[in-house]
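The values are calculated or read from the model by the stated rules, or taken from the named source; none is laboratory data. The structure displayed is predicted, hence computed values, not measured ones. Glycine also receives a Cβ, built like all others from the backbone with ideal geometry; neighbour counts cover every protein chain displayed.
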Amino acid sequence: MKLLINALTKFILGLLLVGTLLFLPAGAFDYVNGWLFIGLLFIPMLLLGIVMLISAPSLLEKRLNAKEKENAQKGVVAVSGLLFVLGFVTAGLDYRFNWSEMPTWVVITASVILLVSYALYAEVMRENAYLSRTIEVQENQKVVDTGLYGIVRHPMYAVTVLLFLSIPITLGSWWSLLCFLPYVAVIAVRIINEEKVLESGLDGYTDYKKKVKYRLIPFIW
C-alpha cells in the first residue's frame, strides 16, 4: 500500500507539473499537441506502473527512488531538470505565438517513435532487474549482457534519448527541440561517470566492456 501511494503521488504530481509547464505558457487548454503528448506519456506510464506493481514491486520501488548519491550525478539531474522545464515552457510559448510550422506527418512520426521508445524501455526493464534511477551497484548485482544489452552497454539511455528527442516534435515545436538537444551531452556525461562506478564495483563489467564495445549508438559511440 505504501508503494502504491508513493507511485500514485508521483504520477499525479508529474502530470500536474507537465500540464502546468505546457498549458500555462500556451495560455489556453486547446493546445492539441500538448494533450497528445500527455496522453502518449502518461497512459503508458500508468499501465507500465500497474504491471510493475503487480509483477515486480521491487523494481518499481527502485525506479521511484531518484535521489542520487554521486555528486557528479546530482549536477546531471539538475541540468536535465532545467532542460525539461525550458523545453516544455518553450513548447507552450511556441503554440501561443505560433513560432513553428510543423507538418502533421512529422508529429505523427514522432508520436510513433515515442510509443516505440516506451515499448523498448519496458523491454530494457524486463531484461535487467537491477535497473535503478540512481547510479549505484546493488547487492548481488550481476552483469546483464544479453538482449539489448548485447548491442549497446546502456540501452536504457539509448531509448531515453530517442524518447526525449521525440517529445518536442510531438509537441509541434522546433524551438523546444533546440532546448532538448543538449540532453544528449548530459546523458554522455552520466554514462562516463556511471561506467567508472560500475568498473570499480561490479564484477565482470570490465570484460563486458570488451565484449560490447558501444555505449549508446552502435558503430558510433
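Return a yes/no flag: does segment 2-9 have any residue that is modelled with pLDDT of 80 or more and either in contact with a Pro (Cβ under 8 Å, 6 or more places away or on another chain) or surrounded by 15 or more Cβ atoms within 10 Å (Cβ to Cβ) (or both). Yes, some residue in segment 2-9 is modelled with pLDDT of 80 or more and either in contact with a Pro (Cβ under 8 Å, 6 or more places away or on another chain) or surrounded by 15 or more Cβ atoms within 10 Å (Cβ to Cβ) (or both). Met102 meets the conditions (1) assigned to a helix (DSSP H, G or I); (2) at pLDDT 70 or above in every case but one. The failed one is (1).
Restricting attention to segment 10-25, and to residues there that are under 27 Å from Ser55 (Cβ atoms) and in contact (Cβ under 8 Å) with a residue 12 or more places away in the chain, which single residue is surrounded by the most Cβ atoms within 10 Å (Cβ to Cβ)? Among those that are under 27 Å from Ser55 (Cβ atoms) and in contact (Cβ under 8 Å) with a residue 12 or more places away in the chain, it is Val18.
Determine, yes or no, whether Glu127 is acidic (Asp, Glu) and either modelled with pLDDT of 85 or more or closer than 28 Å to Gly39 by Cα (or both). It is true that Glu127 is acidic (Asp, Glu) and either modelled with pLDDT of 85 or more or closer than 28 Å to Gly39 by Cα (or both). Give segment 191-221 a look and list any residue that's aliphatic (A, V, I, L, M), modelled with pLDDT of 85 or more and over 15 Å from Pro155 (Cβ atoms), or say none. Residue satisfying the conditions is Ile192 alone.
Within segment 144-173, being aromatic (Phe, Trp, Tyr) and assigned to a loop (DSSP other than H, G, I, E, B) holds for no residue.
Condition check: surrounded by 15 or more Cβ atoms within 10 Å (Cβ to Cβ) and either touching a strand residue (DSSP E or B) at 6+ places or on another chain (Cβ under 8 Å) or among the small types (Gly, Ala, Ser) (or both). Does Ala28 satisfy that?
Values: surrounded by 15 or more Cβ atoms within 10 Å (Cβ to Cβ): no; either touching a strand residue (DSSP E or B) at 6+ places or on another chain (Cβ under 8 Å) or among the small types (Gly, Ala, Ser) (or both): yes.
Here the answer is no, as Ala28 does not meet what is asked.
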